[in-house]
Amino acid sequence: MEHLQEANALIPITERENSLTKEIDVATPLEITRLLKQCDSQLFNGWADWPGLYHHETVEAMKAVSKEVLDVLHSPDESLVVFSGCGTSGRLGFLISRSFNDIARSQNLPPLYEYQIAGGDLALFVSVEAPEDNWMKGKEDLEKLARNKKKVYFLKKYGY
């Protein structure tokens, strides 16, 4: 039992089984919608032993990240914020970086947000599994993005 708990601790929260959705494959569309709504609420209220987004520790961690990113924003020509991940988190990084750059341009600021997704741009459209375990490729890709930058804030999701 202890080995099972240790192994489960190594699995990222986003990859773990949620008891709410164990039988989602046999649920009706309305039931699926309700189950996913319940799962979404766990983001804010917490899940198992994980604190939610409104938990004091989570809020403090977000404040700390905000301060670091603000420091990067003070020197946009020399800085970069990179959102990185595999699969869905990499796709979210793409969308967030594009949106933030659009906002920056609308305020006459230089775009300083980039994304990095395991498997490259192809992985934005199809699943590319093998690169998730290739940390050397991730390192090379990050070095290319960070070239000529004095300060880089790297936001990473599990994997790559």
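The values are calculated or read from the model by the stated rules, or taken from the named source; none is laboratory data. Treat the numbers as computed from the prediction; the structure is a model and nothing was measured. Please note: Cβ atoms are built from the backbone with ideal geometry, for glycine as well, and neighbour counts cover all protein chains shown. Accessible surface is based on the protein model in full, side chains and every heavy atom, while ligands, DNA and RNA are left aside. Shrake-Rupley method; radii C 1.70, N 1.55, O 1.52, S 1.80 Å.
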Can you tell me which residues in the range 38-54 are within 29 Å of residue 80 (Cα to Cα) and out of contact with any Phe, Trp or Tyr (no Cβ under 8 Å at 6 or more places or on another chain)?
43
Only unsatisfied item for residue 119, checking (1) at pLDDT 90 or above; (2) at positive phi; (3) buried (at least 16 other Cβ atoms within 10 Å of the Cβ), is (1)
Which one of these does residue 145 not meet: (1) within 27 Å of residue 46 (Cβ to Cβ); (2) at pLDDT below 90?
(1)
So in the range 80-102, with the set limited to residues that are among the hydroxyl-bearing types (Ser, Thr, Tyr) and buried (at least 19 other Cβ atoms within 10 Å of the Cβ), which one is nearest to the chain's Cα centre (by Cα)?
89
Checked against (1) within 17 Å of residue 145 (Cα to Cα); (2) over 17 Å from the mean Cα position of the chain (by Cα); (3) open to solvent by less than 40 Å² (accessible area, probe 1.4 Å), residue 111 satisfies every condition except (3)
Among (1) within 18 Å of residue 154 (Cβ to Cβ); (2) in contact with a helix residue (DSSP H, G or I) (Cβ under 6 Å, 6 or more places away or on another chain) - the single one residue 93 does not satisfy
(2)
List the residue pairs whose Cβ atoms are under 6 Å apart, where the first residue sits in the range 102-120 and is of a type in the set (Ser, Thr, Tyr), the second is surrounded by 12 or more Cβ atoms within 10 Å (Cβ to Cβ), and the two are 6 or more positions apart or on different chains.
113/81; 113/97; 113/100; 113/101; 115/83; 115/93; 115/94; 115/97
Quick check: is even one residue across the range 13-22 within 24 Å of residue 124 (Cβ to Cβ), touching a Phe, Trp or Tyr at 6+ places or on another chain (Cβ under 6 Å) and touching a residue at least 40 places away in the same chain (Cβ under 8 Å)?
no
Suppose the filter is farther than 30 Å from residue 17 by Cβ and in contact with a strand residue (DSSP E or B) (Cβ under 8 Å, 6 or more places away or on another chain); does residue 69 pass it?
yes
Looking only at the range 45-61, count how many residues are open to solvent by 80 Å² or more (accessible area, probe 1.4 Å), under 15 Å from residue 18 (Cβ atoms) and of a type outside the set (Gly, Ala, Ser).
3
